[in-house]
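See structure below.
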Amino acid sequence: QVHITEFGGGLVQAGGSLRIFCTASGYTFSPYPMGWFRQAPGKEREFVATISWNSGSTYYADSVKGRFTISRDNAKNAVFLQMNSLKPEDTGVYYCNALKWASDPEHRAFDSWGQGTQVTVFS
């Protein structure tokens, strides 16, 4: 059974930084691209960043480009999201998931989601 758990969220002042990560189990981690998504209150979940299986390609939403960096450690079945210059509009619950293709965050490899980790940015 696929199990994904997100960690590291918290409360941070605008302009600050936070590093969140997720771990995955129940499937062979390394062949799958991974992605981070977020959901703000009252809004739909949206794509944030994706990374290919070998970290060779990364993709970012325009809203986070230049501020966020996605990375992964296949030996630890983990994906990281370094978030710098945070803004109040970055507030939301952050989720990660496996994808079919790094360039296509709409197509997830699995139906299930973890519980996410809350990131709150205050001004």
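Using a 1.4 angstrom probe on the protein heavy atoms only, could you order Lys87, Lys43 from most to least accessible area?
Values: Lys87 80, Lys43 140 Å².
Descending accessible area places them as Lys43, Lys87.
Each residue of the stretch 2-7 in order: what ³J(HN,Hα) in whole Hz does its phi give by Karplus 6.51 cos²θ - 1.76 cosθ + 1.60, θ = phi - 60°, with x for Gly and Pro?
After applying 6.51 cos²θ - 1.76 cosθ + 1.60, I find 5, 9, 10, 10, 9, 9 Hz.
Counting only heavy atoms of protein chains, what accessible area per residue, in Å², does the chain have with a probe of 1.4 Å?
Using a 1.4 Å probe on heavy atoms only, each residue of the chain averages 52 Å².
On the protein heavy atoms, probe 1.4 angstrom, tell me the percent of accessible surface of the chain carried by carbon and sulfur.
C and S fraction of accessible area: 48 percent.
Out of the GluC sites (Glu not before Pro) in the stretch 1-75, which ones are loop residues according to DSSP with at most 11 other C-beta atoms within 10 Å?
Sites meeting the loop and neighbour criteria: Glu44.
May I ask for the Rg/Rh ratio of the stretch 49-95, computed from Cα atoms with Rh as the Kirkwood radius, given to two decimals?
Ratio of gyration radius to Kirkwood radius for the stretch 49-95: 0.98.
Mind checking which lysines have their C-alpha under 18 Å from Lys65, skipping anything on the same chain fewer than 8 residues away?
Result set, ordered by chain and number: Lys87.
Hey, for a label at Lys65 modelled as a point 7 Å past Cα toward Cβ, could you say which residues of the stretch 77-115 have their backbone N under 16 Å away?
Of the residues in the stretch 77-115, 103-105 have backbone N under 16 Å from the label point off Lys65.
The values are calculated or read from the model by the stated rules, or taken from the named source; none is laboratory data. Since this is a predicted model, take the numbers as computed values, not measurements. Quick reminder, even Gly has a Cβ in these numbers, built from the backbone with ideal geometry, and neighbours come from all protein chains shown. Side chains included, ligands, DNA and RNA excluded: accessible areas come from the protein's heavy atoms. Shrake-Rupley method; radii C 1.70, N 1.55, O 1.52, S 1.80 Å.
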